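Since the structure comes first, as structure tokens, the remarks are kept for the end.
Throughout, read-outs are computed from the coordinates displayed, never taken from laboratory work. These numbers were taken from a predicted model, which means no experiment stands behind them. Heads up, the Cβs are rebuilt from the backbone with ideal geometry, glycines too, and the neighbour counts pull from every protein chain shown.
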Amino acid sequence: MRRAVSLSTRIYAPDVLAPGALLPLREAAAHHLARVLRAAVGDHLVVFNDGVEFAATIARIDKHGVTVKLASGAPVDRETPLPCVLAQAISSGERMDITLQKAVELGIRGVQPLYSERSIVRLDAERAVKRVEHWREVMIAACEQCGRNAVPDVVPPQPVIDWLGGLPAPRDGELRILLSQHAEQRLAEMQRPAAVTLLAGPEGGFTQVEADLARQRGFVALKLGPRVLRTETAALAALAALNTLWGDF
């Protein structure tokens, strides 16, 4: 039995989109439509990129992939009014995928994966390239599901010390948050920012040296409550709180 493909089915395309264009879809998108949803020629869907949605119709399905024909398009903005970048220490197993998937749903604008001294996961250069590609696919799928039309950036991992050392001074209105179980300050005590950079540690937390350098680079230590949150939970809890206070919740 084939599943229904409709205008609720959303597919990301990295290409420049234009009315009337015939567009071959990416391999992952083609596989999802043809093999998972059992789509057929003539089915309708939405194709998006760079803040614009296009109505589209499946024009061809063959062994080479899936081609759609674009109809009309229009800008559709579902971004949170509070820009936030997540600097996340890489976690093990599926935890990083879960963090990135849910962070996209919560409106994150970009992700900087980090190695901490206490990080369990270490990637060589080749594996790092493949992992970034995988994370991007996770984030694309999250955008397709949640309705966002702008896919957040994810960049290659860096050691947290190197990343902090290369940060410029905070911009006007930028709030830099270091999640820390040992902090005293609460989010509700802070003033509304224009943008946020959120720094979340690995399973064992940041070392004292890393935390001290973060403070020197303008990060304010923030406590989310009396309970110890797992690494895949902490950033998501902070993002939800930020959206409740100053975003679109």
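Under the Kirkwood approximation applied to all pairs of distinct alpha-carbon atoms, what is the hydrodynamic radius of segment 84-246 in Å? Mind showing how you got there, number by number?
Details: mean 1/r = 0.0630 Å⁻¹.
With all distinct Cα pairs of segment 84-246 included, I get 15.9 Å.
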**Item:** Amide hydrogen neighbours beyond the local backbone of L175, cut-off 5 Å, H modeled
**Value:** A194, A195, V196, T197
**Fill in**
Helix 231-246 sits off the longest principal axis of the Cα atoms of the chain, rounded to the nearest 10 on a 0 to 90 degree scale, by 80
**Fill in**
Taking Cα atoms, the helix 95-105 axis meets the longest principal axis of the chain at an angle in degrees (rounded to 10) of 70
**Prompt:** Angle, helix 125-146 long axis vs. longest principal axis of the chain, Cα atoms, 0 to 90°, nearest 10?
**Reply:** 70
**Message:** I'd like the distance between the alpha-carbon centres of segment 207-249 and segment 164-185, rounded to an integer number of Å.
**Reply:** 9
**Fill in**
For segment 124-249, the dipole about the Cα centre with charges only on Cβ (Lys and Arg +1, Asp and Glu -1), to the nearest 20 debye, works out at 280
**Fill in**
Asserting the computed 222 nm helical MRE of the chain (DSSP H runs at least 4 long, -39500 (n - 2.57) per run, divided by residue count, to nearest 500) equals -8500 deg cm²/dmol
